[in-house]
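The values are calculated or read from the model by the stated rules, or taken from the named source; none is laboratory data. Since the structure is predicted, the reported quantities are computational estimates derived from the model, not experimental observations. Here the Cβ positions follow ideal geometry from the backbone for every residue, glycine too, while neighbour counts run over all protein chains shown. For the accessible areas, the whole protein counts, side chains as well, though only heavy atoms, and no ligand, DNA or RNA atoms are used. Shrake-Rupley method; radii C 1.70, N 1.55, O 1.52, S 1.80 Å.
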Amino acid sequence: LPMAFRDVNARRHIGLQQLSSLALTGRTFLGPNKSCKFIVDESTNQSTLICSAVRLIESLDLTSAAGQLLNETIQAQNKEFKTGMSTLLFLIGAWSSAVLECLQQNVPVSAIVSVMSEGLNSCCESAQCLQISIHDVNKELCSSSVRPNAFKSKTCQIGRGDLLNPQSFLYFQKDISAPEEVIPINSCSHQDDDCNFNKCLLSPLAGFGSIASLVKPAGDKSTSVISGSGVTASSRNKQKLTHSRYFSALGKSHFSSQQGNFQGYLSGQSADPCDCYGLGHLAMTLSHGNQTSVKLLQSIVAYQRERAECSGSSQLNIAEIVTCCLLGLPESYSCVSPGFVTLLSPEQATVVKYFENNPLRILLMDGDLTEQYRHLGFNRPCNVRTISEHPSLQEGRAGDLWLSSMLDILISFEVALVLVRGSVCENLMEKCIANGILVIGSVTRDVLCAFGEVTSAQPVTYLSQLNASCVGSGAQVELWKACDGRAVDLGELVPVRIKARGIPLLTAVLTTTVAAKMQLIEDQFWTLVYRLHHALNDKKVFLGGGAVELMCLSHIQMLAGQPLQPANKGAVKEFHNPWLAASATEYASVVLPALASGWKQYLSVVMCNTAKAASELEACTSVDHHLKKAADCGSPSAYILKEFRRGDLFRGGSGPFADHGEGLKVYDNVTAKTEAWRRALDLVLLVLQTDAEIITGPKRNELLNSHVSSEFMFL
């Protein structure tokens with residue numbers, strides 16, 4: 001073995017060891033049954049409950065170079081996808097440990113980089129056979145003959161038209177042949193009817209049977225795609241959900257007067273009626289057990305589809321969704337409210353009570369409402385100095401002059417409501433409250449745009465730019481009311497709803513009585529929103545429940561049994577050391593199992609986290625059992641599809657990826673998952689090469705990389 005390789009392997013790779021140690025802290029975040037962690041702020045002694053890799057990394061003091069690279073990688077995944085960070089963190093640790101083991105076996109750095117990169121690319125290509133289109137998922141929902149009663153149709157009976165609470169009303173029919181019987185549970189109603197939003201929003205019925213159509217992978221020796229009957233409900237379920245009154249005419253005798261209110265959700269303007277309610281179900285399959293968030297998202301999807309009048313567009317508009325975290329109410333009060341719900345001080349709430357249900361003139365500020373604020377790109381005049389004998393007195397007079405002039409502008413244009421994207425001067429806020437003007441700061445750009453479209457208000461950067469055409473009209477403010485119809489006053493902060501006729505904005509009001517849990521609930525909600533968003537953008541999803549990871553393991557087993565061949569037949573002649581070319585197959589037999597160990601550990605840890613395996617050894621045995629059966633089948637993809645349809649994949653007595661309820665399958669995002677894999681391996685290989693350069697020097701490492709770097713590829 002050349003001395004250079006011995007130098008690399010004999011010394012410690014600090015960066016890889018740091019990655020492996022940091023990633024160990026996120027093992028409990030894998031799987032549907034996550035174990036949360038408490039993060040304590042030493043400065044305030046306040047604790048926060050976290051259950052995501054992003055919050056964990058933000059809370060750690062990452063001073064090392066490897067730690068900073070880890071943080072940047074996870075933040076990049078979070079910024080682009082808002083999901084897949086826990087998988088990313090775990091695989092970074094698993095593959096870092098695997099690479100260290102390869103180095104201990106004297107595998108060259110260049111061989112590790114080349115074989116692992118090609119192996120991951122090959123696995124991503126092989127996993128494409130486990131993709132299913134969104135249309136086929138919705139089509140399967142329509143063709144499913146049995147819809148399990150695990151997730152019954154839930155709606156909110158709302159008269160006042162301002163609140164969507166998916167937990168507030170429940171209907172189900174015992175038997176399709178029995179007399180019609182409707183059972184209300186936890187009914188909530190409101191008296192006043194102040195807008196056109198008086199339609200109850202439904203949570204689409206759950207239940208998937210067999211996969212309608214799947215692509216047969218290249219090289220698959222099976223004669224046909226797996227076929228079989230759909231999923232059937234357990235015979236023990238005596239009360240079987242057979243239909244919703246919104247999907248069938250069977251309930252006409254009870255609800256004939258209400259049929260017209262729901263035509264927007266189900267009616268025939270859509271080319272495919274399945275799409276009218278399939279998105280809510282798709283959200284359920286992507287929720288991975290997050291029941292509270294999926295009910296809110298189903299209400300949002302139903303409302304957005306009603307606004308689009310089932311025009312066939314199946315996209316989720318994230319720009320029309322905002323959240324309001326309300327501490328002090330039980331989680332059952334979480335709901336979706338049309339308009340913009342925000343928290344104001346009791347002083348601001350007094351202004352809201354004065355203006356309640358009155359149309360207001362509205363102003364939108366795209367910036368800070370402070371005297372010192374200047375827009376991005378503003379250039380201050382050079383060579384100007386202000387000289388004053390009494391600077392404090394001069395500044396006080398200037399500040400008073402600015403406050404008076406800004407207040408005069410607002411009063412002159414009869415502005416009653418100001419939404420500011422940035423911060424607001426406290427002194428100006430107080431003067432506005434005294435003069436009956438409501439100013440709200442820290443409003444997102446999407447909210448400003450939404451109000452601008454329906455009120456004709458045009459955002460301005462400075463109040464001095466204000467003219468009559470910039471001021472909108474038709475906005476309304478009121479105290480936000482809970483599902484029992486009562487206004488909520490939590491003391492320090494008061495929830496307020498701002499609305500306007502025709503505004504598409506929806507606020508997911510997230511409630512809890514545990515302060516440490518608030519951030520966790522909001523993170524879980526947005527994770528599910530973006531999972532559905534990415535699924536619609538990809539127009540396809542992966543079969544979930546460990547199917548993709550098992551497919552990658554089966555594919556690597558196949559690759560490990562095949563020899564590597566040079567990409568260029570003349571490349572062997574260019575090697576300075578012929579032993580490198582001769583032992584390429586030997587390197588693959590070591591590196592490919594190291595790559596596979598990441599996915600195998602992933603499956604094992606999830607099984608342990610969900611208490612479906614007593615130990616990782618037992619979990620690995622279960623994985624090996626499926627790998628053997630897949631190899632014996634002759635077509636791993638066919639075996640995995642069959643087990644997925646039967647619900648037996650990694651169940652082992654319910655398994656870590658058990659269906660949500662009865663018959664509802666689990667799906668994963670395609671792009672988010674594969675990008676998490678690629679980012680994890682890219683970071684590990686980057687740290688590996690950086691460590692090697694630190695140990696051997698950049699020139700020697702470049703010489704080593706030139707031997708094997710891209711000379712081989714997989715058949």
Subject >> From the options Q298, Q315, Q304, residue that is part of a loop (DSSP other than H, G, I, E, B) and outside the structural domain of R445 (by the TED database) >> reply: Q315
Original post:
What are the residues in the range 606-618 that are surrounded by 14 or more Cβ atoms within 10 Å (Cβ to Cβ) and more than 22 Å from C36 (Cα to Cα), if any?
Top reply: E618
Original post:
Would it be correct to say that P504 is out of contact with any Ser or Thr (no Cβ under 9 Å at 6 or more places or on another chain) and either of a type in the set (K, R) or open to solvent by less than 20 Å² (accessible area, probe 1.4 Å) (or both)?
Top reply: yes
Original post:
Could you list, in sequence order, the residues of the range 619-633 that are open to solvent by 60 Å² or more (accessible area, probe 1.4 Å) and within 16 Å of G598 (Cα to Cα)?
Top reply: T621, D624
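So that you can scan it fast, the table gives a plain yes or no per residue for (1) in contact with a Lys or Arg (Cβ under 8 Å, 6 or more places away or on another chain); (2) of a type in the set (A, V, I, L, M, F, W, C):
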| position | (1), (2) |
| --- | --- |
| T507 | yes, no |
| Q519 | yes, no |
| F525 | no, yes |
| L528 | no, yes |
| L532 | no, yes |
| L536 | no, yes |
| V541 | no, yes |
| A547 | no, yes |
| L553 | yes, yes |
Subject >> Complete set of residues in the range 468-486 that are more than 28 Å from the chain's Cα centre (by Cα), surrounded by 14 or more Cβ atoms within 10 Å (Cβ to Cβ) and closer than 27 Å to L410 by Cβ >> reply: C470, V471, G472, S473, G474, A475, Q476, V477, E478, L479
Original post:
So which of R12, R55, R27 ends up being charged (D, E, K, R) and not in a helix (DSSP H, G or I)?
Top reply: R12
Original post:
Given the residues L297, L344, which is the only one that is under 15 Å from the mean Cα position of the chain (by Cα), modelled with pLDDT of 90 or more and not small (G, A, S)?
Top reply: L297
Original post:
Which of the residues belonging to the range 12-26 are within 28 Å of the chain's Cα centre (by Cα) and surrounded by fewer than 19 Cβ atoms within 10 Å (Cβ to Cβ)?
Top reply: S21, L24, T25
Subject >> Qualifying residue in the range 507-527 (condition: under 23 Å from T350 (Cβ atoms) and either at pLDDT below 95 or assigned by the TED database to the domain that holds E347 (or both)) >> reply: yes
Original post:
Pick from the range 656-688 the residues that are more than 19 Å from the chain's Cα centre (by Cα) and at pLDDT below 90: which of them is surrounded by the fewest Cβ atoms within 10 Å (Cβ to Cβ)?
Top reply: G661
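So, V351, is that one within 30 Å of F413 (Cβ to Cβ), in the same structural domain as H533 (by the TED database) and either part of a helix (DSSP H, G or I) or open to solvent by less than 20 Å² (accessible area, probe 1.4 Å) (or both) or not?
Details: within 30 Å of F413 (Cβ to Cβ): yes; in the same structural domain as H533 (by the TED database): yes; either part of a helix (DSSP H, G or I) or open to solvent by less than 20 Å² (accessible area, probe 1.4 Å) (or both): yes.
It is true that V351 is within 30 Å of F413 (Cβ to Cβ), in the same structural domain as H533 (by the TED database) and either part of a helix (DSSP H, G or I) or open to solvent by less than 20 Å² (accessible area, probe 1.4 Å) (or both).
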Original post:
Regarding E453, is this residue part of a helix (DSSP H, G or I), out of contact with any strand residue (DSSP E or B) (no Cβ under 6 Å at 6 or more places or on another chain) and open to solvent by 10 Å² or more (accessible area, probe 1.4 Å)?
Top reply: yes
